[in-house]
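The structure appears below as structure tokens.
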Amino acid sequence: MTRCRRLPCLVAALLLAASAGTTMAANPSALPQASALSPGNARGESRNEGVLHLLLDAPAFAPEKIKLTIYLPPGYSRTARRYPVLYANDGQDMEAVGLQSTLAQLYRDKAIQPVIVVAIRMLADRASGYGLSDRAAARSLVGGSPIGPIGTRAQDYSAWVATALVPYVDAHYRTRQSARGRTMLGWSLGALNAFNLGWQYPEVFGQVGAFSPSFWLAADRGSTTVVQHTRLAQAMVDRGRKRAGLRMWFAVGTAEETKDRDGDGINDTVDDTQDLLQGYRGADGFRLRGLKQLGYTVNMDVAKHPSRHADATLFLLPGGVHNQASWKRMLPVFLRWAYGRH
């Protein structure tokens, strides 16, 4: 992943955007505290018009504070309208994936409606926060990997995004304050966590975008068969139920990797994502339900079958690999799906 660049020192206590909405939090003092990283005017817009840099407190799991970049749509300061919000993990990658240039082109083409983007920079310990959680049990679902445990603080991070960050943004910016107005986006482990946020908090997020999701993460790495049977996201869906109103868009590159753990001729990143959508049945007869078995309508190849009507959509990027350049190619397709004018 790209490294976060050194930021200027703190210069103000709090940026407030114009026409603040009603906060979701019962007690405003419970909202995270923010500090500004760039000078702004009375409307909270920095010298780079429409781009704000903030630090938010998250003492339970991030003593270094959480760095945010907020991108306001053109004309934000000149209207009273409310906007949908796209929350994105791995906010340090926004330049590499071409967020601003992609949005600018789509706005020029009048292809999408205006949107506020809240880019959340990765934690110092990225692998701890980007994972899966069990909201009901208030615990993280930790998986193993060659680099060590993944998702040890996923419960804390996910709860902070859904119950602290979202209310903060709703309190200080003119947002559409409903699940239909909020989308969660991520790539790689950040995509795994984006899916988790939609799945665990469907009353907060109505849409999810997951590029190259790490659905390979398993509770047990003892053998190929055990990995297939204990993939955490697959198991979470298998024992779950349909989340009414939740829409999901998955994107995978066809050349992300060469690994094929089950020998079916499909690379694992594609395979794991397809299994999550349409269910898994192993050669030994072992089955795990997918989104389709829960009652979601699924589109397994939106490039071949263009439609925005499926609950869960898969986009296969020809030749796409596991890097920011491929996610940059996925981004405009996703934004048209999430915010297209129809």
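Scanning the range 298-319 for residues that are within 21 Å of residue 184 (Cβ to Cβ) and assigned to a loop (DSSP other than H, G, I, E, B) yields 302, 308, 309, 310, 311. Could you grab me the full set of residues in the range 268-313 that are acidic (Asp, Glu), in contact (Cβ under 8 Å) with a residue 40 or more places away in the chain and under 23 Å from residue 226 (Cα atoms)? Within the range 268-313, 268, 272, 275, 284 meet the criteria.
Of the set (1) under 15 Å from the mean Cα position of the chain (by Cα); (2) of a type in the set (Lys, Arg); (3) surrounded by fewer than 19 Cβ atoms within 10 Å (Cβ to Cβ), all apply to residue 182 but (3).
Once the range 185-197 is narrowed to residues that are touching a helix residue (DSSP H, G or I) at 6+ places or on another chain (Cβ under 9 Å) and under 20 Å from residue 58 (Cβ atoms), the residue that is surrounded by the most Cβ atoms within 10 Å (Cβ to Cβ) is 196.
Considering only residues in the range 138-179 that are over 26 Å from residue 311 (Cβ atoms) and of a type in the set (A, V, I, L, M), the one that is surrounded by the most Cβ atoms within 10 Å (Cβ to Cβ) turns out to be 150. List pairs: first in the range 251-266 and farther than 15 Å from residue 315 by Cα, second of a type in the set (S, T, N, Q) and loosely packed, with under 14 Cβ neighbours inside 10 Å, Cβ under 6 Å, 6+ apart or cross-chain? Here the result reads 261/224, each pair linking the range 251-266 to a residue that is of a type in the set (S, T, N, Q) and loosely packed, with under 14 Cβ neighbours inside 10 Å.
Of all residue pairs spaced 6 or more apart or on separate chains, those with beta-carbon atoms under 7 Å, a first member in the range 70-91 that is of a type in the set (A, V, I, L, M) and a second member that is assigned to a loop (DSSP other than H, G, I, E, B) and at pLDDT below 95 are 72/45; 72/50; 80/19. Filter the range 103-137 down to the residues that are hydroxyl-bearing (Ser, Thr, Tyr) and crowded, with 21+ Cβ neighbours inside 10 Å, then identify the one that is farthest from residue 192 (Cα to Cα). If we take residues in the range 103-137 being hydroxyl-bearing (Ser, Thr, Tyr) and crowded, with 21+ Cβ neighbours inside 10 Å, then 128 is farthest from residue 192 (Cα to Cα). Any residue at all in the range 300-319 that's of a type in the set (Val, Ile, Thr), farther than 20 Å from residue 115 by Cβ and surrounded by fewer than 19 Cβ atoms within 10 Å (Cβ to Cβ)? Scanning the range 300-319, I find no residue that is of a type in the set (Val, Ile, Thr), farther than 20 Å from residue 115 by Cβ and surrounded by fewer than 19 Cβ atoms within 10 Å (Cβ to Cβ), so the answer is no.
For the subset of the range 236-250 comprising residues that are free of Cβ contacts under 8 Å to residues at least 60 places away in the same chain and among the hydrophobic types (A, V, I, L, M, F, W, C), which member is surrounded by the most Cβ atoms within 10 Å (Cβ to Cβ)? Filtering the range 236-250 for residues that are free of Cβ contacts under 8 Å to residues at least 60 places away in the same chain and among the hydrophobic types (A, V, I, L, M, F, W, C), the one surrounded by the most Cβ atoms within 10 Å (Cβ to Cβ) comes out as 237. Would you confirm whether any residue within the range 117-125 is hydrophobic (A, V, I, L, M, F, W, C) and in a helix (DSSP H, G or I)? For the range 117-125, residues hydrophobic (A, V, I, L, M, F, W, C) and in a helix (DSSP H, G or I): absent.
Of all positions in the range 278-286, at least one carries a residue that is at pLDDT 95 or above and in a strand (DSSP E or B). Restricting attention to the range 60-90, the residues that are in a loop (DSSP other than H, G, I, E, B), out of contact with any helix residue (DSSP H, G or I) (no Cβ under 9 Å at 6 or more places or on another chain) and aromatic (Phe, Trp, Tyr) add up to 0. Once the range 80-97 is narrowed to residues that are within 16 Å of the chain's Cα centre (by Cα) and either more than 19 Å from residue 173 (Cβ to Cβ) or of a type in the set (S, T, N, Q) (or both), the residue that is surrounded by the fewest Cβ atoms within 10 Å (Cβ to Cβ) is 92.
Could you please let me know if residue 60 is of a type in the set (A, V, I, L, M), over 19 Å from the mean Cα position of the chain (by Cα), at pLDDT below 95 and buried (at least 21 other Cβ atoms within 10 Å of the Cβ)? Spelling it out, it is not the case that residue 60 is of a type in the set (A, V, I, L, M), over 19 Å from the mean Cα position of the chain (by Cα), at pLDDT below 95 and buried (at least 21 other Cβ atoms within 10 Å of the Cβ).
The values are calculated or read from the model by the stated rules, or taken from the named source; none is laboratory data. The shown structure was predicted, so the numbers you read here are calculated from the model rather than taken from an experiment. Every residue, glycine among them, receives a Cβ derived from its backbone with ideal geometry; neighbour counts consider all protein chains shown.
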